[in-house]
Structures are given as structure tokens and as C-alpha cells.
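Below: the structure, in C-alpha cells.
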Amino acid sequence: MTTLTVRLLAAALAAAVMSPYCATLALADEVPSNSARIGLYSVFYHVKADDLSGPYVPTGANIDANNVETLYLGYVRRLSSHFDAELTLGYPPLQKTVGKGPATLGSVPYNGQVIATARWLAPTLLLEYMFLDEHSKWRPYIGAGVNYTTFYDRDSTAQGNAASGGPTKLSLTSSVGPVGTAGLAYNIAHNWNLYASYSISQVKTKLNADTAGVIRTTHISFGPQALVVAVGYSF
């Protein structure tokens, strides 16, 4: 057996011994492409609305929206070492609308009273840039995207019906608008991560209130800002 043959056999043996170890390292360094997240979704409104207009509406009658908390659900797809795409949803909460302006409409209490309720569904698609290395414990990120909001189960409350002068049917147009976010990811262990983010969206709608053919309207900009705290698993 020549010296060259011995060297070739030794090299082949070393490669055979090391190959499982190298494969293990490669798998360990492989970054998962998907992530599922669940957490708390707190929404804070900054409502700007035109005064209600229509027959028998006093000057200054307006509306506001109560802040809500609901379940946050998210799916994230890794696009590269620094870019992710995120699709987010919140479980449709019961949104309460309150009167703003005059203390009463006629003899009916109005200001601060819950006059309507609705549920909304607002899927949001974001493109996010992740700072630092993929293996960093902490990774801040920023993102931008588009939000679609649709309203359903729209109801005028007994207080709202009284203020309107009778049973009232409500309609709210759907909204499409931009959204921006900033957040921070923290790796707990292996594929588990914690997330905290703050987002600002544009949600605009037109409200129509129909009371036995008497129509009152307003245009509303909800100006929602949302705080999300979530846990995620990557796979």
C-alpha cells in the first residue's frame, strides 16, 4: 500500500467520521422559515369624526369609541435574514360607541352613553425589517403594510334608539389604509420568542343611521394605535 493510498484512506475515514457532526451543525444553524404567534392585542382610539348630520340633529352631536382588548394571532414568514412578512388578526371584539357632545338629546342622556355596538375584523399584512444578526438574543424591528377593516353585527342600543327617536339600523363602510409598526423580539430558548410591538393604523368609515327612513350620517377616522404582547414558536 503506497503512502498516497494510506493518505487517501485516512482522509476518507476522517470525512466519514466528521460528516454526521457537520450535518448536525448545519441543522443547528438552519433558521426556521415560519412562526406562529399568540398574545394580547390592546387598541387605543384617537377618534376624529364629523358632527352627526341629518334631520332633528342638534349642533355638536358627535361620537367616540371605547378602547378595547382582544386576542392577537399572527403568522410570520421569513423572507431573508433581515426581512419577514407578517399577517396579523385580532379576535373580533365588541366595540362600543359612545355619544359625545350635548349632555342630552331632548330629554335622553347622550354624552358618554353607549349608543351603538359593532364587531370588527382587521387583517393586516406587514413587511418587517429585523435589525441585528438572526442569532442575537434581542432583535428590534420596524415594518409597514396595509390594513383592511370590516364591520359587522352593527346594533343601536336602547339608549341609541331613544336618542334617535326609534329603532335604528346602522351601516359602516369597510376601510383600507396604511399601517406602521415598531417592535422588539426576544429569544427565550430554541424556537420560542417573546414579542412586543406598537402600531399605528389609518381606519376610516362612513356611518349611516336609518331610523324609519330618517337618515343621519357622519364620517369617522378611528386613528387606532395598538400594543401587542405575544409569544411565538418558530418552525
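For region 106-139, give me each residue that is over 25 Å from Leu71 (Cβ atoms), modelled with pLDDT of 95 or more and not small (Gly, Ala, Ser).
Val108, Pro109, Tyr110, Asn111, Gln113, Ile115, Tyr129, Phe131, Leu132, Lys137, Trp138
Among Ala103, Ala158, which is the only one that is within 20 Å of Asp51 (Cα to Cα), open to solvent by 60 Å² or more (accessible area, probe 1.4 Å) and at pLDDT 95 or above?
Criteria check complete, one pass: Ala103.
So which pairs qualify, if the first residue must be in region 106-121 and without any contact (Cβ under 8 Å) to a residue 60 or more places away in the chain and under 16 Å from Asp155 (Cα atoms), the second must be among the aromatic types (Phe, Trp, Tyr) and open to solvent by less than 50 Å² (accessible area, probe 1.4 Å), the Cβ gap must be under 7 Å, and the two must be at least 6 apart or on different chains?
From residues that are without any contact (Cβ under 8 Å) to a residue 60 or more places away in the chain and under 16 Å from Asp155 (Cα atoms), the pairs are Ala118/Phe151; Trp120/Phe151.
Residue check, Tyr198 against (1) in contact (Cβ under 8 Å) with a residue 40 or more places away in the chain; (2) open to solvent by 70 Å² or more (accessible area, probe 1.4 Å), all met but one. Which one?
(1)
Could you grab me the full set of residues in region 153-190 that are touching a Ser or Thr at 6+ places or on another chain (Cβ under 9 Å), in a strand (DSSP E or B), under 30 Å from His135 (Cβ atoms) and not small (Gly, Ala, Ser)?
Val179, Thr181, Leu184, Asn187
If I filter region 83-126 down to residues being part of a loop (DSSP other than H, G, I, E, B) and hydroxyl-bearing (Ser, Thr, Tyr), which single residue comes out as farthest from the chain's Cα centre (by Cα)?
Within region 83-126, the match that is farthest from the chain's Cα centre (by Cα) is Ser107.
If I ask for residues that are loosely packed, with under 14 Cβ neighbours inside 10 Å and in a strand (DSSP E or B), which ones from region 128-139 would you list?
Residues satisfying the conditions are Tyr129, Trp138.
Would you pick out the residues in region 48-80 that are among the aliphatic types (A, V, I, L, M), closer than 29 Å to Ala103 by Cα and open to solvent by 30 Å² or more (accessible area, probe 1.4 Å)?
The answer is Leu52, Val57.
What are the pairs, 6+ residues apart or on separate chains, where a residue within region 154-170 that is on the phi > 0 side of the Ramachandran plot has its Cβ under 8 Å from a residue that is surrounded by 17 or more Cβ atoms within 10 Å (Cβ to Cβ) and not acidic (Asp, Glu)?
Matching pairs, first to second residue: Gly165/Thr211; Gly166/Thr211.
Filter region 161-174 down to the residues that are touching a strand residue (DSSP E or B) at 6+ places or on another chain (Cβ under 6 Å) and open to solvent by 30 Å² or more (accessible area, probe 1.4 Å) and list them by number.
Ala162, Ser164, Gly165, Lys169, Leu170, Ser171, Leu172, Thr173, Ser174
Just name the residue that is farthest from Ala230 (Cα to Cα) out of those in region 56-72 that are modelled with pLDDT of 95 or more and not hydrophobic (A, V, I, L, M, F, W, C).
Residue satisfying both the conditions and the ranking: Gly60.
Suppose we filter region 191-223 for residues that are in a strand (DSSP E or B), closer than 19 Å to Pro167 by Cβ and of a type outside the set (Val, Ile, Thr); how many remain?
Residues that pass the stated criteria total 5.
The values are calculated or read from the model by the stated rules, or taken from the named source; none is laboratory data. Quick caveat, the model's predicted, so the values are computed rather than measured. In this analysis, Cβ positions are derived from the backbone assuming ideal geometry, glycine residues included, and neighbour counts consider all displayed protein chains. All accessible areas refer to the heavy atoms of the entire protein, side chains included, with ligands and DNA or RNA removed. Shrake-Rupley method; radii C 1.70, N 1.55, O 1.52, S 1.80 Å.
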